[in-house]
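What follows is a set of notes on a single structure, which appears directly below.
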Amino acid sequence: MPLPDVMDKLVSLAKRRGFVFQSSEIYGGLGSVWDYGPLGVELKRNLQERWWHAMVRSRDDIEGLDSAILMHPRVWEASGHVGGFVDPLVDCKNCHGRFRADRLQDAQCLKKPSKVPGAHSECQLTEPRQFNLMFKTHIGPVEDTAAVIYLRPETAQGTYVNFLNVQQASRQKVPFGIAQIGKAFRNEITPGNFIFRTREFEQMEMQFFVEPGSAPEWFEKWRAWRMDWHVGLGVDPERLRFHEHGPGELAHYARAAYDIEFDFGGTLGPQEIEGIHNRGDFDLGKHQEFSGKRLEYVDQAANKRYLPFVIETACGPNRTLLALLVNAYREEPVPGEEEGRTVMGFHPALAPVKAGVFPLTKKEGQPEMADRIAADLRRTFPVFYDDAGAIGRRYRRQDEAGTPFCITVDGDSTRNDDVTIRFRDDMGQIRVGAAQAGAVIGRYLEADIVRAESTLVPPA
Ligand code: GAP
């Protein structure tokens, strides 16, 4: 049984609540490019910060890097992208649709009623031609062929060309890794499914450099750690699985590869959100060959030099964010109310806003007290102050934003100096002193984070 398709509802909620907007919407939009609104940018940052913490800050064997999007054009010749980063493209001369020749069965003809391209008698599909997915631009004022450069289609190459810079500056010894988060661009022929496949996106990639003989062992370790990390984000383990690349599927650089797939439900179903690859010494070998610079690691203790093998973990934050939205979305009845509620049940550590603060009425000093509490809490975590509309509607808005706690200031609060904390998931409420509200919420958040991180500490 496929899991329910919540994509249309999510696209609408994402716009209504300010997670994701279509790029350049007032001009009719730009195909498969999206902007992240106030809640979306917080969610994405929280996700990226958790990755950075797990991969860089909490380990002593991984260094951070932020390499440039624009790189020397020879980089992409060496990596194989100029020659091989292509998809087979067919055009329809009748409806002017463009389709990936190897994915025709998943595509829809532009002619109504929609059918698989080629199925209408009027369809006139061209022979497939190879279409390079890299965006080209020019560096400097002269737009000639000598000035062509590319927007990077992956962050990984910035890491390979900096391998020795980072190793020597940080005095790391193999095995060690380099991690970075940054933009990547691919001129996808058939992007879509909201933010699943887009032309501009981000990557969180880590390359772990190891002695060639130990690569299979490290590959298995990273495979397990990366799956644990996704589970630690609160993703339902039942929706996650590995997909091993068979010999026909392996990328030109890979000796072994697994995808971590998330089941998005509906017709999209299980899809890759992260790839774990044993890339051998393909990349360092190619850059050594094309640049003419030795990129070998010198192991002084063992008195030997070699090109390390690379275990790569390549995760897409946009796609993972979509997985988090799908995973968090639920509709449920509310006892005693006619209308149910929609809840985004994010892990509290990821929730864009940690607490809503509401005065029950706009009288009796309640707004002033709520305002003071909000200002105080804002020094520690993101807070949303709301005094508009019935209290039930305010709770519903925060449920849709995924806010785990709401603090309400009522008539008793101004007399007794206490407030109500309401929990998103079970709608239970507790009464605490106003001055303790921040600490109480902080303790809940801390407990959730500790629980999530307990899965992340690699064994010694
Ligand atoms: N360096 C290896 C590499 O780039 P990849 O499988 O092509 O591997 C890694 O990309 C991750 O980047 C994917 O698992 C996915 O999450 C994300 N990604 C790739 N193409 C994407 C696109 N067009 N839109 C959104 N995310 C994408």
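The values are calculated or read from the model by the stated rules, or taken from the named source; none is laboratory data. Here the structure is a predicted model, which means the values were calculated and not measured. Note that we place each Cβ from the backbone using ideal geometry, even for glycine, and neighbour counts take in every protein chain shown. Heavy atoms of the whole protein, side chains included, go into the accessibility calculation; ligands, DNA and RNA do not. Shrake-Rupley method; radii C 1.70, N 1.55, O 1.52, S 1.80 Å.
Here is how the numbers come out for the structure above:
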item: Test: residue in the range 219-226 that is within 13 Å of the ligand (Cβ to nearest atom), in contact (Cβ under 8 Å) with a residue 60 or more places away in the chain and in a strand (DSSP E or B); result: no
item: Among the candidates Gly340, Gly345, Gly356, residue that is open to solvent by less than 20 Å² (accessible area, probe 1.4 Å) and either out of contact with any Lys or Arg (no Cβ under 8 Å at 6 or more places or on another chain) or away from the ligand (no atom under 16 Å from the Cβ) (or both); result: Gly356
item: Matching residues, the range 74-84, being open to solvent by 40 Å² or more (accessible area, probe 1.4 Å) and either touching a Ser or Thr at 6+ places or on another chain (Cβ under 7 Å) or not β-branched (Val, Ile, Thr) (or both); result: Arg74, Glu77, Gly83, Gly84
item: Residue ID - farthest from the ligand (Cβ to nearest atom), chosen from residues in the range 158-213 that are small (Gly, Ala, Ser), closer than 15 Å to Met71 by Cβ and part of a strand (DSSP E or B); result: Gly182
item: Residues that are hydroxyl-bearing (Ser, Thr, Tyr) and surrounded by 15 or more Cβ atoms within 10 Å (Cβ to Cβ), drawn from the range 278-305; result: Tyr297
item: Long-range neighbours under 7 Å by Cβ, at least six apart or interchain, first residue open to solvent by 30 Å² or more (accessible area, probe 1.4 Å) within the range 360-385, second hydroxyl-bearing (Ser, Thr, Tyr); result: Leu360/Thr408; Glu364/Thr414; Gly365/Thr414; Asp371/Tyr385; Phe384/Thr403
item: Those residues of the range 281-310 which are among the hydrophobic types (A, V, I, L, M, F, W, C) and either within 12 Å of the ligand (Cβ to nearest atom) or farther than 16 Å from Phe209 by Cα (or both), in sequence order; result: Phe282, Phe290, Ala301, Ala302, Val310
item: Hits in the range 151-164 - residues which are closer than 21 Å to Lys136 by Cβ and either surrounded by fewer than 20 Cβ atoms within 10 Å (Cβ to Cβ) or of a type in the set (D, E, K, R) (or both); result: Leu151, Arg152, Glu154
item: For Gly275: the one exception among (1) within 16 Å of the ligand (Cβ to nearest atom); (2) crowded, with 23+ Cβ neighbours inside 10 Å; (3) within 22 Å of the chain's Cα centre (by Cα); result: (2)
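For every residue, the table says whether it meets (1) touching a residue at least 24 places away in the same chain (Cβ under 8 Å); (2) open to solvent by 50 Å² or more (accessible area, probe 1.4 Å); (3) under 27 Å from Leu89 (Cα atoms); (4) out of contact with any Cys (no Cβ under 6 Å at 6 or more places or on another chain).
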| site | (1), (2), (3), (4) |
| --- | --- |
| Val166 | yes, no, no, yes |
| Ala169 | no, yes, no, yes |
| Pro175 | yes, yes, no, yes |
| Glu188 | yes, no, yes, yes |
